[in-house]
Every structure is written in structure tokens, then in C-alpha cells.
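Below is a structure I'd like to ask you about.
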Amino acid sequence: MNTKYTKEDIIHSLPDYVSDNIEDSELIKEIENVINTDNEVKNEFIEISNTMNFLNSADLEHPGENYFNNLSVKINERIHENLNPGSILDRLSLLWKILIPAFSVLLISFLFLSNRNSDNTEFTKTDETKKQISIADNKDDEKKGLSSD
Amino acid sequence: MAENNLDINSTDDELIESFIKGNQSAFNFIVRKYQKKVYWVVRKMVLDHDDADDLTQEVFLKLYRSIGDFRGESKFFTYVYKIAINYSLNHLVKNKKMYKRKSDLEDEFIMSTDKIADEELNSKEKTLLLEEAIRSLPEQQRAVFNLRYYENLTYDEIANIMNKSVGGMKANYFHAIKKLEKFLKSHKKYDLVETS
């Protein structure tokens, strides 16, 4: 074997040799020489050739030419969306989306609280009235007591 | 070159210069020039069309934002591929669990096709087998394999994209082919392809 290339160099170059991707003519000559003289390298060459044959014969599913006609449009839209994140109206509408539910919650809370307060006032008023009635009753009793005396 | 004379065949330098000067349509030509290449680089990394579609758009968005940073030290297409590969690698790492589950399901399908005797692999089965074979490669190895086998880039260009040594990339490519070989051998139907 030529000292310029180790056996490992030769083996690692086999995939490129099989797919005809080596420009260095000296390396090509050396690979061919080793394939003919070294059984291990020869077997490696056969196995790699089989793998590459399969790879050449199979392909991923193509999305179709129309897809690429629309892709550039989608790319431009994505760029536009990212660089101009919504007009003033869009941003306002977003603001409304937050403001309306927030306002509704505040309004409901306010109504609920004010309703509760008025109930409390009602209770207080009733208590006050009861107190006044009982005072009046007491006074009447006192008067009755005095007159009986 | 005057802005009006630009088209998809203009050089990368002309398109970039014109875009940096404010000509938006120059970027449209860059998109049209590279969209197929970017899509296929990403697709062969992530394998799923919808993911590839989304990532391709992200790659061009990134390119739109960062094109001013391109210093011309390397070829423009390696700069574009670098973004595409980085986005694909990040996506694969983020979605590792999901891909593993999907792979298990597809493996079941391949196992079931193994049972069909004396029939040549049809193109759909070959596509599925190829997908699974590529999926069996670790992310970095997958990137090197795709860039070398499908994109025909030199090891220098791949090393530049991957930020690794040239020797390392050559060894990576060889090991990727061996790994694919091992995967294909483990599927009975592949033997039929060999002998047919």
C-alpha cells in the first residue's frame, strides 16, 4: 500500500468512491488497488455499494411543484407578520379583548358589593326601627306603671 | 447592477447588496433562489413535511433579520445552510420524545411489511424504509450525511457549516453510511432490493 494513505483513509473514502465523488486520481488508483488485493476492503466496498444502491433508488415523498409556488408567498407573509405585529386597529382590538372582560368583571363585582351593602343598610334600618319600637313600648309601659300607681 | 435588472439568476452578492440598500424585492429573489434547497435540507433532517414547511419559513425569517451580519467570509449558501441545519438540529433536540414515539409506530409498520414474502419493495415502502434509516442516525451524523450525500457539499463546506474539523466530517459520513447499512440489513425486505 502507498504510504500516503492508511487503510483507514482508504476505507473512509469508500462511500465517496462508490458515488464517484473523489477528484484525487492518486487516491482513486490506490482505492482500486486495495479493493483488488485486500479482502476486508473488498467486502466493505460491496456492502457500501449495496447501501448506496438502496439510497439511490429511494426518495422521500415530494410535496409537489405547487407547494413551492406558494412557499415564497408564505415566507413573505411570515416575515411581514413578524416585522409588523398588527396595525393600530389590530392592537386596539387586542386591547378591547382584554378590557371588555376586565370591565365586565369589575362591573359585576361592583354591583354585587353595592347590593350587599344596601342589604346591610336594610338590616341596620330594621334593627333601628325595632329599637325605636321597643323604646316606645318601654315608655308606654313606664307610663302605664305610673298611672296605675 | 440597477435594481430593476435583478432577477433570480443575479449573483448572491448583487442580491444581498441591493437588499441591504433597501430593495425588498431583492430578498424575494433570494427566497425564490434558495427555497427549494432550504426546504430539502430541512426536510431530510426532520423528515416531516409540515415541520419542514414551518422551519423553512423560520429560516428565511432569520435570514431576513441577519443578512446584514453576513460578512462574505464564506459562500452565501453555506451561511444559509448553516441557519437551516441549526434550526433543524434545535427542532430535533426539542422534539426528541415525539420523534421517538413516531419512529416506534413506523417501525411496527416496517415489521409488518417484512412478513410479505417474495414481493419487491414498492416505492412507498422504500420511502418509509429510507425515512426510518435516516431517522436511525444521530442528529449530527444525519446532518453530515445529508449535506454530503444529498447536497454534494465538500467536506470543507460541511466542516464550515458544522463548525467541526474536515477529518471529523469525513469519518462522520463514513460512520453514517455504515449505520444506514446496519439498519437496512436488519430489515428483511432490504435483502430483496439487493438481490433484485
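The values are calculated or read from the model by the stated rules, or taken from the named source; none is laboratory data. Quantities reported herein were computed from a predicted structural model and do not represent experimental measurements. A quick note on method: Cβ atoms are made from the backbone with ideal geometry, for glycine too, and the neighbour counts reach across all protein chains shown. Side chains included, ligands, DNA and RNA excluded: accessible areas come from the protein's heavy atoms. Shrake-Rupley method; radii C 1.70, N 1.55, O 1.52, S 1.80 Å.
For the full complex of protein chains and a 1.4 angstrom probe, list B:Thr78, A:Thr37, A:Thr6 by accessible area with the highest value first.
My answer, sorted largest first, is A:Thr37, A:Thr6, B:Thr78.
Please give the average number of partner chain Cβ atoms lying within 10 Å of the Cβ of each residue in A:44-52, rounded to a whole number.
Average neighbour count from other chains, rounded to a whole number: 4.
Work out the mean other chain Cβ neighbour count within 10 Å for the residues of A:67-77 and drop it here as an integer.
Partner Cβ neighbours, averaged per residue: 5.
Using per-residue counts of other Cβ atoms within 10 Å, averaged over each peptide, order B:27-38, B:5-16 from highest down.
B:27-38, B:5-16
In whole Hz and in residue order, list the ³J(HN,Hα) couplings for the stretch A:56-70 that follow from phi through the Karplus curve 6.51 cos²θ - 1.76 cosθ + 1.60, θ = phi - 60°; x for Gly and Pro.
With coefficients 6.51, -1.76 and 1.60, one gets 5, 8, 10, 8, 6, 5, 7, x, x, 5, 4, 4, 6, 5, 8 Hz.
With each pseudo-label sitting 7 Å past Cα toward Cβ, what's the A:Asn56-A:Asp24 distance in nm, one decimal?
Label-label distance for A:Asn56 and A:Asp24, simple model: 2.4 nm.
Enter the accessible area per residue of the stretch B:121-165 (Å², integer; probe 1.4 Å; all protein chains in place).
So the stretch B:121-165 comes to 37 Å² accessible per residue, rounded to a whole number.
Order B:130-136, B:68-74, A:15-21 from most to least packed using the mean count of other Cβ atoms within 10 Å.
Descending mean neighbour count gives B:130-136, A:15-21, B:68-74.
Taking a probe of 1.4 Å, how large is the accessible area per residue of the stretch B:1-94, in Å²?
The answer is 47 Å² per residue.
Let me ask something else about it. Within 10 Å of each Cβ in peptide B:57-63, how many partner chain Cβ atoms are there on average? Round it to a whole number, please.
If you average over the peptide's residues, the count of other-chain Cβ atoms is 4.
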